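The values are calculated or read from the model by the stated rules, or taken from the named source; none is laboratory data. Nothing here was measured: the structure is a model prediction, and the numbers come from that model. Neighbour counts run over all protein chains shown; Cβ positions are idealised from the backbone, glycine included.
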């Protein structure tokens, strides 16, 4: 999930640098920032929701329709979760997270597997490229550290 610290509304200011970046040279700090953004691309709460609902829907009749319903619920759930519970204020960040989730579902099939043009290989390629490049280019908004 893309939950970049500086894009989350906070009640109190940061307590300083994290223990794993304190005093490290600039290049290591940059790598840590990239790695942090990469880890936050994984919408784990939404994946858990999707997997639970997918498991139930897959065992039911009319699973072709139910799998699309489950996917829709998870996409809407991701959007609401990010905005209301995770307090992600930046629209592009929410969109990138929802897109990461959709790509993940495509890779594993989900409702897309029933489409004639579906090929998991393309999804895997897209997932690798997306996962690598989004944290490189998406830095998030800069946060004003003078706010109380």
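Do we have any residue at all in the stretch 23-46 that's more than 16 Å from the chain's Cα centre (by Cα), modelled with pLDDT of 90 or more and over 14 Å from residue 138 (Cβ atoms)?
Scanning the stretch 23-46 turns up no residue that is more than 16 Å from the chain's Cα centre (by Cα), modelled with pLDDT of 90 or more and over 14 Å from residue 138 (Cβ atoms).
Count, please, the residues in the stretch 69-97 that happen to be touching a helix residue (DSSP H, G or I) at 6+ places or on another chain (Cβ under 8 Å), within 20 Å of residue 54 (Cβ to Cβ) and surrounded by fewer than 21 Cβ atoms within 10 Å (Cβ to Cβ).
6
Could you list, ordered by first residue, the pairs with Cβ atoms under 9 Å in which the first is in the stretch 86-114 and on the phi > 0 side of the Ramachandran plot and in contact (Cβ under 8 Å) with a residue 12 or more places away in the chain and the second is surrounded by fewer than 18 Cβ atoms within 10 Å (Cβ to Cβ) and outside any helix (DSSP H, G or I), at least 6 apart or interchain?
87/8; 87/9; 87/10
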